[in-house]
Amino acid sequence: MKLSRFSRITPALLLINALLLVYTAWLKYNGDACPSCNDLSSFEINGIYIASVGAFASLVLAGLYIATSFRKGLKLLLFILSAVFASLASYLQVIQFYSADDYCYFCLAAAVLFYIAFCAISFEVLIMPRLLIAMKTTTSEA
């Protein structure tokens, strides 16, 4: 099944997010990360691991999104995982805003890309099928 133009944007967005998170992990590994990422004393997990897991999560969502074009039953799993990952990104941003005086722009950009991907997935999984049903019933009545 061929993906439409709108359907190609979301996996590309998720792949860009994965690349951004790999770059962020590399910056944190080299010690060039912003001081706010290194100043999370209340959070026990290293920022390299968080960025690596985020990149893996983006790749999983992109692969699952492409797989939904072949198996329609995966759409609910895609929606649930994207909601979990977006809420986790939100949680990490709240911890960073609360613990540090400043915030990391790369982490913020990755969180925003997770939110945008979640909105696009929500639109395609929840709203688009209902719009198509409404349009079919409207055209069949005429």
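Going by what's in this entry, would Ala86 be described as modelled with pLDDT under 90 and small (Gly, Ala, Ser)? Answer is no for this residue. Across segment 64-91, the number of residues qualifying as in contact (Cβ under 8 Å) with a residue 60 or more places away in the chain and touching a helix residue (DSSP H, G or I) at 6+ places or on another chain (Cβ under 8 Å) comes to 2.
Residue-wise test of (1) small (Gly, Ala, Ser); (2) in contact with a Lys or Arg (Cβ under 7 Å, 6 or more places away or on another chain).
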| site | (1), (2) |
| --- | --- |
| Ile48 | no, yes |
| Ala57 | yes, no |
| Ala67 | yes, no |
| Lys72 | no, no |
| Leu76 | no, no |
| Ala83 | yes, no |
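Within segment 47-63, the set of residues being crowded, with 20+ Cβ neighbours inside 10 Å and of a type outside the set (Gly, Ala, Ser) comprises Ile50, Leu61. Quick one: is Phe97 in contact with a Phe, Trp or Tyr (Cβ under 9 Å, 6 or more places away or on another chain) and modelled with pLDDT of 90 or more? Answer is no for this residue. In this structure, Tyr98 does not satisfy being closer than 24 Å to Leu13 by Cα, loosely packed, with under 12 Cβ neighbours inside 10 Å and not basic (Lys, Arg). Criterion applied to Phe79, Phe106 was being of a type in the set (Phe, Trp, Tyr), at pLDDT 90 or above and either farther than 22 Å from Glu44 by Cβ or within 21 Å of the chain's Cα centre (by Cα) (or both), and the one residue passing it is Phe79. Of the residues examined, Leu126 is not one that is of a type in the set (A, V, I, L, M, F, W, C) and buried (at least 17 other Cβ atoms within 10 Å of the Cβ).
The values are calculated or read from the model by the stated rules, or taken from the named source; none is laboratory data. Remember, it's a predicted structure, so these values are computed and weren't measured experimentally. Cβ atoms come from the backbone with ideal geometry, glycine included; neighbour counts cover every protein chain shown.
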